[in-house]
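In what follows, a single structure is set out as structure tokens and then discussed.
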Amino acid sequence: MKTAVTLCRVAEAAAGPFVFHDELPIGFAKAQSHGFDAVELFLPSAEEVSIEEIQQLQQQHSLEIAAVGTGAGMVKHGLSLTDADPLVREKALNFIIELVHFAGKLGAPAILGSMQGRFSAAMPRDAALDVLANALKQISQVAATYQQRFIYEPLNRYETNLFHRIGDAAHFVREHQLTHVTLLADLFHMNIEERSLEQSIREHFSAIGHIHFADSNRQAMGFGHTNAASILRLLEELDYQGYLSAEILPLPTADAAAAQFILSTQL
Ligand code: LER
Ligand code: MN
């Protein structure tokens, strides 16, 4: 299992669950000094930083890119794939596709989290799910041109009303034959929504491609009440080859959270 740490450069997400908010050269250096294998990038857009700059930092610090988040489209521009306004949906789609190209050039997948949006009176559930399935198909086909899958993340009930549980999202992905879509198991969301973390991971393991390894309170594992050892043992048993990514609050400090995260991934 490989470890990744989140580097956030989105001012609007300063209070979000990201470990380092420094300029990228500092973030990469901190990631390396804590012993992470990779970084997960949360950027304002695909134009913010050049591919060459990221590649240079990767080489300098021996770090992979685990994934690239797309949530800035929501927190910065209010875009979502299921907005009732077709123009907003189109902008959301384009914003994400640009980040899929950006990530693909770095050999990484992109993630759909908050940009999935929510259904509403103006965009009822069935219509929203149709729109979501079509968007996932289009976006994941772009990802496939880079031999990547597109990562879809079920979120807890306070952040979306589309899919909250891994099993429901896995069913949706299968039903729509979204073969280039994989799921993100964010243990913080799962703690709110699933009956058992272990049971859901075991049952839907083949659908899971990325993990946000966060404790029940969204702090580093060990700072809340999730049984990390039981999850790590299960992931070892299932031979999980993906990332455990630190999408966690930088508490009590970013460095302390990063250090605890690394400790918590060692059985
Ligand atoms: C994104 O990975 C996520 O987990 C969301 O909760 C961000 O708001
Ligand atoms: Mn997450």
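Coordinate-derived values only; no laboratory data. Predicted, not measured: the structure shown is a model, and the values here were computed from it. Reconstructed Cβ throughout: ideal geometry from the backbone, glycine too, with neighbour counts over all protein chains shown.
For the reader, a short list of remarks on this structure follows.
- Cα→Cβ-extended label distance, 7 Å offset, between Leu267 and Ser230, nm: 1.6
- A Förster distance of 25 Å, applied to the separation of the beta-carbon atoms of Gln138 and Glu48, puts the FRET efficiency at 0.60.
- Dividing the helix sum by the residues of the chain, where each DSSP H run of 4 or more adds -39500 (n - 2.57), gives a mean residue ellipticity at 222 nm of -12500 deg cm²/dmol.
- Order by protection proxy (mean Cβ within 10 Å, highest first), peptides 219-228, 245-254: 245-254, 219-228
- Charge tally in the Cβ shell below 10 Å around Thr179, where Lys, Arg are +1 and Asp, Glu are -1, Thr179 excluded: +3
- Computed lengthening from Asn161 to Arg118, 0.36 nm per intervening residue step minus Cα-Cα distance: 14.9 nm
- Exposure proxy shown here: for Tyr158, Tyr240, Tyr152, Tyr146, the number of other Cβ atoms within 10 Å sets the order, fewest to most, as Tyr158, Tyr146, Tyr240, Tyr152.
- Euclidean distance between Cα centres, the stretch 128-179 to the stretch 20-72, Å: 25
- Among Met1, Met115, the ranking by other beta carbons within 10 Å of each residue's beta carbon, starting with the fewest, stands as Met1, Met115.
- The radius of gyration of the Cα set in the chain, together with its Dmax, comes out at 17.2, 50 angstrom.
- Which of Val10, Val68 has the fewest Cβ neighbours within 10 Å, and the rest in rising order: Val10, Val68
- Sequence-distant lysines (8 or more away, or on other chains) whose Cα lies within less than 27 Å of Lys30: Lys2, Lys76, Lys105
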